[in-house]
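Visitor: Got a structure for you, questions after.
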Amino acid sequence: MDGCPFNPEEIPARAEIILSAIESASLGNITAPRDHGLEPILAVHDPDFVSDCTQPSQIMLPILGNPKPVLPHAFPVRRARQKPNSFLGQRGYYAYGAGTPILEGTW
């Protein structure tokens, strides 16, 4: 954070730990995920947010000069009359905290 490495709270191994616990508890059949397209996602999320999550490197490159992780530094009020126009302003508008950087591979 602020140029220093840190250990994020969310890690890919978390999904494997949860899957293992479900299997150990014999809670039922586990099926492979299916792609349902963007329609259900866009039904509950702002299209600008989805676009920013799906294309972070293309958005960040002209602004920051390289595709590095972006963390919000300010948190504009959600549901305000006008959401921020800038990429960096939108990071804080859509984020719930500074622990979830947006970077290539986020989607």
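Visitor: If we sort 29-39, 91-101, 9-19, 44-54 on the protection proxy, mean other Cβ atoms within 10 Å, highest first, what's the order?
Guide: Numbers: 29-39: 6.6, 91-101: 16.7, 9-19: 9.4, 44-54: 13.6.
Packing order, densest peptide first, comes out as 91-101, 44-54, 9-19, 29-39.
Visitor: Between S20 and S51, what length comes free when the chain is fully extended (0.36 nm per residue of separation minus the Cα-Cα distance, one decimal in nm)?
Guide: On the way: separation 31, 0.36 × 31 = 11.16 nm, distance 3.24 nm.
Full extension from S20 to S51 adds 7.9 nm.
Visitor: Sticking with this one: Once label points are set 7 Å from the Cα along Cα→Cβ at both T100 and R81, what is their separation, rounded to one decimal in nm?
Guide: Here the answer is 2.9 nm between the modelled labels.
Every number here is computed from the coordinates shown, using simple stated rules; none is lab data. Not measured: the values here are computed from a predicted model. So basically every Cβ, Gly included, is an ideal-geometry build from the backbone, and we count neighbours across all protein chains shown.
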